[in-house]
Amino acid sequence: MTAPAPLALYIHWPFCVSKCPYCDFNSHVREQTDVAAWKTALLADMAHEAALTTGRPLSSIFFGGGTPSLMPPSLVAELINKAERHWGFAENIEITLEANPSSVEAARFIDLAQAGVNRVSLGLQSLDNQTLQFLGRAHDVKEGLAALDVAQKAFDRVSFDLIYARPDQSLDSWQQELERALSFGTDHLSLYQLTIEPGTRFETLVRTGALVPADDDHCADMFELTQDLTRNAGLPAYEISNHARAGQESRHNLTYWRYEDYVGIGPGAHGRRLNTATERHKKPENFLSAVDRNSNGLKVEQALSPQTRAMEALMMGLRLAEGVDLVALQDKTGLAVSTMLDIGEIAKLSTLDLVHQHDDRLTVTPKGMPLLDAILPKIIADPSQL
């Protein structure tokens, strides 16, 4: 008998320690949080998803959102315990919590570890104080590294992120920063190139000429340097922006990238389960009202066509160094490979060593990874055209 497929659980906590530029709502202030009401709502939302996915053990839990490290540890423990009663846990379950690297949050790490969290992801973002100010971060390098030290003592597994390809950042300065980051001994790093998102302060600065982003050639050089340094340090890229020692990859994020099922609870949480896309109400007050009415916070619950599932699986899976098993995807969607992919375009890009197809597995090559955003729309069929 085939074992039931494991499941991942994402829990979104919408509140921050204070008003900040990253929140969508000014009400996201910890002091205003009615913990008892949120406990009731999150447990009800969890129970709804559990009833639809019985018999599937959890492989991971991820606490994300505003500032989940400021959740009361007793609430974190209650959510973890209830999740185990609903689903059961796979062996060596990964339970991750996102945290800002502040002294306030670091002071809670031991309590959170005792509540059941065994992995933390720290948003260091930079090891340069001027850059942290530019990014709008509240912490400085000293505070961030102090939080990292506490995290490494409190949790079994620690990851942190950095942003590179910043305006006026040289290759030498990034090499020095990354080598310093690698010296801290964590087994996982998330390294992102700075992107200019629509509607952000950075977009306004670029539009007015106050900010000049790094050019594409410089970004490509930085990407190549990043791959070389992390690979030589024993943390090769397993996803375009994520690097880990063997066995230390983020199991939760691999669920997303491998297009496996996950359920999301809490305001704004997304999920993919049973060939259905789910989305919760984003505004906290709307989420609570929905739970009061329906015993869940769902805003959207939409069946996904095989074509859409194929597109999403390819968009996510080709970010991975391991690529996509096309036979498995064909079995999962019922679609022929020739309808999911542009075989002619793949052949062209293969001659340029940008993609590679071996037997039934399609991968984007290391040479192609910096061009991933341009490659994907060329080779993946648009479901609206099928």
Selection from region 298-315 of residues that are assigned to a helix (DSSP H, G or I) and crowded, with 18+ Cβ neighbours inside 10 Å: Gln307, Arg309, Ala310, Met311, Ala313, Leu314
Small (Gly, Ala, Ser), modelled with pLDDT of 95 or more and either in the same structural domain as Arg245 (by TED's automatic domain parsing) or surrounded by 15 or more Cβ atoms within 10 Å (Cβ to Cβ) (or both): is that true of Ser350 in this structure? yes
Taking region 150-174 and keeping only residues that are under 12 Å from Met222 (Cβ atoms), surrounded by 15 or more Cβ atoms within 10 Å (Cβ to Cβ) and of a type in the set (A, V, I, L, M), one is left with Leu162, Ile163, Ala165
Tell me which residues, restricted to region 204-233, are free of Cβ contacts under 8 Å to residues at least 12 places away in the same chain, surrounded by 13 or more Cβ atoms within 10 Å (Cβ to Cβ) and either touching a Leu at 6+ places or on another chain (Cβ under 9 Å) or among the small types (Gly, Ala, Ser) (or both). Leu205
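Conditions (1) within 26 Å of Ile11 (Cα to Cα); (2) assigned to a strand (DSSP E or B), marked per residue:
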residue: Leu127; (1), (2): no, no
residue: Ala147; (1), (2): yes, no
residue: Gln152; (1), (2): yes, no
residue: Ser159; (1), (2): yes, yes
residue: Ile163; (1), (2): yes, yes
residue: Gln169; (1), (2): no, no
residue: Trp174; (1), (2): no, no
residue: Leu178; (1), (2): no, no
In the set Arg280, Arg273, which member is in contact (Cβ under 8 Å) with a residue 60 or more places away in the chain, outside the structural domain of Trp174 (by TED's automatic domain parsing) and surrounded by fewer than 20 Cβ atoms within 10 Å (Cβ to Cβ)? Arg273
Of the conditions (1) over 19 Å from Gly264 (Cβ atoms); (2) touching an Asp or Glu at 6+ places or on another chain (Cβ under 8 Å); (3) surrounded by 17 or more Cβ atoms within 10 Å (Cβ to Cβ), the single one that Val327 does not satisfy is (3)
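The values are calculated or read from the model by the stated rules, or taken from the named source; none is laboratory data. No experiment lies behind these values; they were computed from the predicted model shown. Cβ atoms come from the backbone with ideal geometry, glycine included; neighbour counts cover every protein chain shown.
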